[in-house]
Structure formats: C-alpha cells, structure tokens
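Colleague: First, the structure itself, so that you have it in front of you.
The values are calculated or read from the model by the stated rules, or taken from the named source; none is laboratory data. Quantities reported herein were computed from a predicted structural model and do not represent experimental measurements. Positions of Cβ are generated from backbone atoms using ideal geometry, with glycine treated the same way; all protein chains shown enter the neighbour counts. When the accessible area is computed, the model is the full protein with side chains, heavy atoms only, and any ligands, DNA or RNA have been set aside. Shrake-Rupley method; radii C 1.70, N 1.55, O 1.52, S 1.80 Å.
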Amino acid sequence: MSQVILCRVLDYDSNLIESSLAAAFLKLGVNRHFQSGENILIKPNLLSAVSPERAVTPHPVVFAALAQQLAAMDLTLSYGDSPAMSLPAAAAHMAGLAGVADHLGVVHADFSSATTVRFSQGIHFKEAPIANGVLAADGLVNLCKLKTHALTGMTGAVKNLFGIIVGPRKAQLHVQFPDLQSFSNMLADLNREFMPRLVVMDAIVAMEGNGPMNGKPRACGWLITGFDPVAVDAAGAVIMGYDPDDLMVLKTAQKAGLGKANPRDIEVTLLDAGTGMTIGEGSLADFSSQLAIPEFVRPAVSRSIMTLATQLAGPLIKRHVMERPAILPDVCTRCGQCVKACPVDPKALTQNQPAAVPLYRYDRCIRCYCCQEICPAGAIVVEPAWPGRMLASAKAHRTQSTRD
Ligand code: SF4
Ligand code: SF4
C-alpha cells in the first residue's frame, strides 16, 4: 500500500496551509526521508510566465509553506523548472515564487544549462540533458499542480518531472516518443532515474477544460502529500473524476514499479486543515465518489478504445479518426508561436502569410499537443475523435436546417 494524505483546504490561507503541511509531514514521517545539511531542490511545475490566479502553476502560498517545512529540517533549498515557454526566471517571477524564494532564502537553481546524463536504469529512454540545478542537488521534492492535459489526460507529479529536461530536447522527445504509450514509457524511465523524495500536489484550485495552460481554475479544496508520485497522481485523478486505471501514464508508471495507481492499493488519510484532525481513513477506492468533483471538465483524450484502435491500426487511421488540435480563428491572434512549437519536420502547422491563422496538416501531426499547450491566447482546442466530430457536424447541420 502507498500512503497519501489529503488535507481539506478551501483557499490559499497561509496559516491553514502551513498547519496542513505540518500535520501531513508528521503523519507521513517526512523527516525520516531527509538528512540535516542536504541540498534539496523543489521542482514546481512552472509551465509559463503566468500569474497564480490562472491555476497553471502551484500557488506561492503552498510553495512558501513547503519551503518553510523543509527548511525546519535544516536542509539547504533551491528551486527551479524549465518552462515550455518563457525563461525560467520570468516564469518563477510571474508565478509569485521568486518573491517568496527571495524572502525565505531559497536559491533559484540553474535551469539554463544542462549536462547530458546517461540513465542507469533506462529501458526506453536512456539519456537526456538534465538541468545542472537538478544534478547539483542531493534530492528532489516534486511540487505539482493538478491540471487537465490534452495529451495525458491529467498532469500532476509524474508529468511534472519532464521539466528537469532543459531546452528544445523536450519538444524533440515528443517526436522520439510520438504516441501516448511510448511517451508514458519515457516518463516512467525519467521518474525512475530521478525519483522524488516527496510529492506535494496543489489541488486546492485545480485546472479543468483546456489544460495545461488555457483551462479554467476549478476549486477542489485538497492539498495532497505523499512519497509515491503515482499514488498522489491517482488521488488527483480521482478528484477529476477519472479512474486512474484509464490513464496511460499512471498505468505505465505502476507497471514499471514506480508506485501504485490502483485506488485499492492506496491508503488515504483525510485531514481537516483547521484542526489537523483525521476526518477519514481507508483506501482511495473507498473515497472515490466522495472526492470526485461533480462535472469536472476533462479533455477528450487518448484513453478510449478508439485510441487503442488507432495505435494498432497505424498512422492512416490516426490521421483521420483520432482526436486532434484545432484553432478557433476568432480567438487566434496570429502570433505564430504554435508553428514554432510544432516539433515535427516538416511541420504539421503552417502559416502561409505572417498574419494568417495557421493551418494544420493532420497527415503530419503526431498529436503531441505542444501547439495547444503553448498557445498564449487559448485559441487551440482538442476536437473529439471521428465519431464525435461526425455527431457535432450532424448537429450543426440540423440546427442550420431548422433555421433555414
Ligand atoms: S499560438 Fe495560438 S494565437 Fe498564436 S497563431 Fe497559434 S493558434 Fe493563433
Ligand atoms: S500540429 Fe500540434 S499536435 Fe500536431 S505535431 Fe504539431 S505541435 Fe504536435
């Protein structure tokens, strides 16, 4: 069994979050996993330079409480991430983490330079340029945000580790591992090599809809802590209304022996933030219906029988049948960033003129959703798989006929 603590915290009240983390640390025995004097890197998910209200990044109040708890164990702390867009320092500043870090003496780690590391246990993924700030640390604390993700369904702890890889190599990895299964294998190898000592997930306000960058904040009210990144993600998945077993990343990580994704194998303790009292204990499966947020808007991705069929049937079916990115022309600002972000060569997105809405070439598209993730205007959405598109088009036709 893996142990996960869920603290009921309804807003970003610093006192409540500090006392919640203190109670969770005590319950888990976190101090036994660190030694006085160690250099520990906090790895927040800093996808881009956006303000905390967007629910893209972990809230600075959570970061502050975590840093304080760790500092009390006589650890030397640093933090950092390699954002998909923006410079690391700009993302940390906009997310509100840089100000907190300066105040608490947490050093901004080097995420601008990297050293290529050969993985000792890599099965599918054998080497990568890892941020020197990560390599300088004795251990990692994974501080993730609960969000929807167009490729993986959700992003939490396991996906957060992708950010320790620096620079354009991240985009190229989507080409090297072009489908969800191979991408999940890659994440499993990366997590095995850089297994965090501790995971804290900010699910107080999560992101639903068009995540991980342009979705809507959704109040969920949970601060989640554990040692097993897969189990923490499974708890987040349940809050979103997923069966964790339906999420390829978690299923693969469990198969690779990185942790537990099956809710029956995860022991949860629910704590009340104000009193620190236990308000529930049992397996994650026991609390699934209680934890699931009603009508949480999840992406229409790649867990379906349709996806399995497309993986088996190959690129032709994938091109025509599978979910795909699409641009909302009325929202698009024609900035061209999606074209730059597209990692395939030749590109699956083209902009015929500088001020034109880019056009997709679905025959080249590997469905990595880098374009959707990077779009600063939120103009790229995920269109449903072929049957859904047919239904939507028939519905639009019926509506039009009624009007005519
Ligand atoms: S990144 Fe978004 S706003 Fe910019 S061109 Fe692409 S779709 Fe339009
Ligand atoms: S068009 Fe978008 S989803 Fe398709 S390969 Fe390019 S970045 Fe990935």
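Colleague: Please determine, by comparing only the residues of segment 325-336 that are within 11 Å of ligand 2 (Cβ to nearest atom) and not small (Gly, Ala, Ser), which one is farthest from Pro178 (Cα to Cα).
Modeller: Taking the candidates together, the pick is Ile327.
Colleague: Given the criteria outside any strand (DSSP E or B), surrounded by 15 or more Cβ atoms within 10 Å (Cβ to Cβ), modelled with pLDDT of 95 or more and more than 10 Å from ligand 2 (Cβ to nearest atom), does Val339 qualify?
Modeller: Taking the combined requirement at face value, the residue does not satisfy it.
Per-residue answers, yes or no, for (1) within 17 Å of the chain's Cα centre (by Cα); (2) open to solvent by less than 30 Å² (accessible area, probe 1.4 Å):
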{"site": "Phe34", "(1), (2)": "no, yes"}
{"site": "Ile42", "(1), (2)": "yes, yes"}
{"site": "Thr57", "(1), (2)": "yes, yes"}
{"site": "Gln68", "(1), (2)": "no, no"}
{"site": "Ala72", "(1), (2)": "no, no"}
{"site": "Leu77", "(1), (2)": "no, yes"}
{"site": "Leu87", "(1), (2)": "no, no"}
{"site": "Leu97", "(1), (2)": "no, yes"}
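Colleague: Being open to solvent by 20 Å² or more (accessible area, probe 1.4 Å) and closer than 20 Å to Leu10 by Cα narrows it down to one residue among Lys216, Lys255; which is it?
Modeller: Among Lys216, Lys255, only Lys216 is open to solvent by 20 Å² or more (accessible area, probe 1.4 Å) and closer than 20 Å to Leu10 by Cα.
Colleague: What are the pairs with Cβ atoms under 7 angstrom where one residue, in segment 163-181, is closer than 23 Å to Gln254 by Cα and the other, located anywhere, is among the charged types (D, E, K, R) and away from ligand 2 (no atom under 12 Å from the Cβ)? Sequence gap at least six, or different chains.
Modeller: From segment 163-181, the pairs are Gly163/Lys43; Gly163/Asp81; Ile164/Lys43.
For every residue, the table says whether it meets (1) closer than 25 Å to Leu180 by Cα; (2) away from ligand 2 (no atom under 11 Å from the Cβ); (3) at pLDDT 95 or above.
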{"residue": "Ala355", "(1), (2), (3)": "no, yes, no"}
{"residue": "Tyr362", "(1), (2), (3)": "yes, no, no"}
{"residue": "Ile380", "(1), (2), (3)": "yes, no, yes"}
{"residue": "Pro384", "(1), (2), (3)": "yes, yes, no"}
{"residue": "Arg389", "(1), (2), (3)": "yes, yes, no"}
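Colleague: When you scan segment 17-28, do you find a residue that is free of Cβ contacts under 8 Å to residues at least 60 places away in the same chain and open to solvent by less than 10 Å² (accessible area, probe 1.4 Å), even just one?
Modeller: no
Colleague: Continuing with this model, one more query. So is Arg367 modelled with pLDDT under 95 and either under 18 Å from Met248 (Cβ atoms) or more than 10 Å from ligand 2 (Cβ to nearest atom) (or both) or not?
Modeller: yes
Colleague: Related question: Considering His103, His124, which residue is assigned by TED's automatic domain parsing to the domain that holds Lys260 and in contact (Cβ under 8 Å) with a residue 60 or more places away in the chain?
Modeller: Result: His124 is the single residue among His103, His124 that is assigned by TED's automatic domain parsing to the domain that holds Lys260 and in contact (Cβ under 8 Å) with a residue 60 or more places away in the chain.
Colleague: What strands (runs of 3 or more DSSP E) completely inside segment 193-278 contain at least 3 residues that are touching a Cys at 6+ places or on another chain (Cβ under 6 Å)?
Modeller: 198-208
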